[in-house]
Amino acid sequence: MDGPEFRRLRDLPGKRIVGDIRLAPRSDISAAWEAKDIPIANADGVDARMTIQLVTETGAKTINVKVPGVGPICRLEVDSRPHRPASRSHKHALRTVDCPRDNLKRDVVDRPELSGRPLKEVFDAFCRMAQITHEGTLILPPDLDGM
């Protein structure tokens, strides 16, 4: 996938996630909760999959979209590690065919307006930016609601 193909998919209207999304512990010893391989239906038939992660110890939130066989194509990180020149809240996007292999380092844009926001707000903002309609509910355990 190259930059124009990515932008076409990103800007394609009518993308949908059908059903509830429920975060679960990543492992018995991890402070991370996640929902993996969430299919994003789209008119082009691209097999796009979302992963949502919340690290309770730091409050870091990550929404990553990948295409199997290609790799990551975009990622939103909020209250995470800074990726210079961007701050702790930023968005990565695919620019060239090499970007997935390089972990999307070429196109990083600051998103400071999302800092400190709970995961549900971050998820809603990501869906608006990517023109994705979620036909369901993002379900967090009660002790994580508001994180």
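Table for the structure above
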item: Per-residue HN-Hα couplings for the stretch 114-120 [Karplus 6.51, -1.76, 1.60; θ = phi - 60°; Hz; x = Gly/Pro]; result: 8, 4, x, 7, x, 3, 4
item: Per-residue [θ]222 nm for the chain (sum of -39500 (n - 2.57) over DSSP H runs n ≥ 4, rounded to 500); result: -4500 deg cm²/dmol
item: Area of SER115 that stays accessible when all protein chains are in place (1.4 Å probe, Å², to 10); result: 60 Å²
item: Placed amide H near GLY136: partners under 5 Å, 5+ positions off or other chain; result: GLY19
item: Set of aspartates and glutamates with alpha-carbon distance to LYS120 below 17 Å, sequence-local pairs under 8 removed; result: ASP20, GLU34, GLU77, ASP79, GLU135, ASP143, ASP145
item: Projected-area mean, the chain, by convex hull of Cα positions, square nanometres; result: 8.4 nm²
item: Set of lysines near LYS66 by C-alpha distance (under 18 Å), chain-local residues within fewer than 8 positions excluded; result: LYS15, LYS36, LYS91, LYS105
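The values are calculated or read from the model by the stated rules, or taken from the named source; none is laboratory data. Small disclaimer: the values here were computed from a predicted structure and weren't measured. Heavy atoms of the whole protein, side chains included, go into the accessibility calculation; ligands, DNA and RNA do not. Shrake-Rupley method; radii C 1.70, N 1.55, O 1.52, S 1.80 Å.
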